[in-house]
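Chemist: Here it is: the structure, laid out below.
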């Protein structure tokens, strides 16, 4: 038995089976106990890491492994899944601990003046955007000048203020997302990186879960800033840098209030589902039109912060009406008219243009799947799932 035969495709097959069966049936079918410590996180959902690897062996080599045949520790299962591009976390219910662990795992160059600061500066820049709910993903062509200025002002003495390397190197850290029409190159070399970035103009920024965690909690922001400052700035005063990246003078009361209201509204939605409200038809519409939950709609609008939730929105994601209200339409990922789930985990707030693309556009199916992942990640952070609560195909 060799775990090395397991591929990323085999793990994805196992995750799909997990979703089809649901967690309890998956573990019972293959004889695995629930994960005690290490959890695989994929697109906002959490999975028992050892069980997934054991079942992935079936898709790679024809036979599922029994639990007694291999260790489920970080040195075996964890290392394999990380090598295949998946995220394995300890204490997945605490986003602050999750971000700090990712900061500690960053690999940066060492210099005579200390660890290079390029990657942490880009992360702080992205966290500042999250705090103010600016668009999560930013095209390289728009970010380049601002990032160059930040690196020039706050990088190590003598370092080159070039953001191209960290913009690419952060991809794959589970903190940074890079979206492009082409396969990103490995972050080494020199002129080739700039050529690729200028040619493809990818969008970069925090991953969905990291963005929502930072945006919604001062505690998470404080923990992330402390981890980055402590590891990469060696006790230096970072107040000027924090001001430049929009993290100066932090305050989180409003975000905490919004989080509490979001969770209250989600509880209302889920209580309605238990009563069967989601299977009723609307009295206001002719025929068999499914009823829609006002609480679900209000929750999504709170979560959006008044901005289009399409991370690739190319219009005016923060535009408002003449009286200052957001121009947003709350839409179901799976059409409600076809009885798609009426729950914030499968809903998104969209500007009129993105709503039209999803509904009638040629790229609508692709956008629908991007929004499905985005809504899952955002909801997972805002709901602050308690231990033992798992997303599965029964709910999503």
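Chemist: Taking the conditions exactly as written (surrounded by fewer than 18 Cβ atoms within 10 Å (Cβ to Cβ) and over 29 Å from residue 49 (Cα atoms)), does residue 161 satisfy them or not?
Modeler: So residue 161 passes the test.
Chemist: Look through 28, 17 and report the one residue that is in contact with a helix residue (DSSP H, G or I) (Cβ under 7 Å, 6 or more places away or on another chain), farther than 13 Å from residue 86 by Cα and in a helix (DSSP H, G or I).
Modeler: Of the residues listed, the single one that is in contact with a helix residue (DSSP H, G or I) (Cβ under 7 Å, 6 or more places away or on another chain), farther than 13 Å from residue 86 by Cα and in a helix (DSSP H, G or I) is 17.
Chemist: State all residues of the range 153-205 that are part of a helix (DSSP H, G or I), out of contact with any strand residue (DSSP E or B) (no Cβ under 6 Å at 6 or more places or on another chain) and within 23 Å of residue 110 (Cβ to Cβ); if no residue qualifies, say none. Quick ask: steps written out before the conclusion?
Modeler: Residues of the range 153-205 part of a helix (DSSP H, G or I): 153-154, 164-169, 191-200.
With out of contact with any strand residue (DSSP E or B) (no Cβ under 6 Å at 6 or more places or on another chain) added as a condition, the list becomes 153-154, 164-166, 168-169, 191-200.
Hits for the range 153-205 are 153, 154, 164, 165, 166, 168, 169, 193.
Chemist: May I pose another question? Which of the residues belonging to the range 237-252 are touching a helix residue (DSSP H, G or I) at 6+ places or on another chain (Cβ under 9 Å) and either more than 25 Å from residue 103 (Cβ to Cβ) or modelled with pLDDT of 80 or more (or both)?
Modeler: Those that are touching a helix residue (DSSP H, G or I) at 6+ places or on another chain (Cβ under 9 Å) and either more than 25 Å from residue 103 (Cβ to Cβ) or modelled with pLDDT of 80 or more (or both): 238, 240, 241, 242, 244, 245, 246, 247, 248.
Chemist: A further question follows. Exactly one of (1) buried (at least 17 other Cβ atoms within 10 Å of the Cβ); (2) assigned by TED's automatic domain parsing to the domain that holds residue 213; (3) part of a helix (DSSP H, G or I); (4) out of contact with any strand residue (DSSP E or B) (no Cβ under 7 Å at 6 or more places or on another chain) is unmet by residue 135. Its number?
Modeler: Here residue 135 clears every test but (3).
Chemist: Please specify each residue of the range 335-359 satisfying the condition of being in contact with a helix residue (DSSP H, G or I) (Cβ under 6 Å, 6 or more places away or on another chain) and assigned to a loop (DSSP other than H, G, I, E, B).
Modeler: The answer is 342, 343.
Chemist: Sticking with this one: Has the range 110-122 got any residue that is touching a strand residue (DSSP E or B) at 6+ places or on another chain (Cβ under 8 Å) and outside any helix (DSSP H, G or I)?
Modeler: Yes: the range 110-122 contains one or more residues that are touching a strand residue (DSSP E or B) at 6+ places or on another chain (Cβ under 8 Å) and outside any helix (DSSP H, G or I).
Chemist: Restricting to the range 36-83, name every residue that is under 18 Å from residue 9 (Cα atoms), touching a helix residue (DSSP H, G or I) at 6+ places or on another chain (Cβ under 6 Å) and part of a loop (DSSP other than H, G, I, E, B).
Modeler: Answer for the range 36-83, where residues must be under 18 Å from residue 9 (Cα atoms), touching a helix residue (DSSP H, G or I) at 6+ places or on another chain (Cβ under 6 Å) and part of a loop (DSSP other than H, G, I, E, B): 43, 64, 65.
Chemist: Against the definition (within 24 Å of residue 234 (Cβ to Cβ) and in contact (Cβ under 8 Å) with a residue 12 or more places away in the chain), how does residue 162 come out, yes or no?
Modeler: For residue 162, the condition - within 24 Å of residue 234 (Cβ to Cβ) and in contact (Cβ under 8 Å) with a residue 12 or more places away in the chain - is met.
Chemist: Regarding residue 208, is this residue surrounded by 16 or more Cβ atoms within 10 Å (Cβ to Cβ) and at pLDDT 85 or above?
Modeler: Taking the combined requirement at face value, the residue satisfies it.
Chemist: On to the next question. Just to be sure I understand, how many residues within the range 42-79 are under 18 Å from residue 5 (Cβ atoms) and touching a strand residue (DSSP E or B) at 6+ places or on another chain (Cβ under 9 Å)?
Modeler: The qualifying residues number 8.
Chemist: Now for a separate question. Quick check on the range 279-295. Is at least one of its residues over 30 Å from residue 123 (Cα atoms), assigned to a helix (DSSP H, G or I) and modelled with pLDDT of 80 or more?
Modeler: Within the range 279-295, one or more residues are over 30 Å from residue 123 (Cα atoms), assigned to a helix (DSSP H, G or I) and modelled with pLDDT of 80 or more.
The values are calculated or read from the model by the stated rules, or taken from the named source; none is laboratory data. Remember, predicted model here, so these are calculated numbers, not experimental data. All Cβ positions, even for glycine, are placed from backbone atoms using ideal geometry, and neighbour counts span all protein chains on display.
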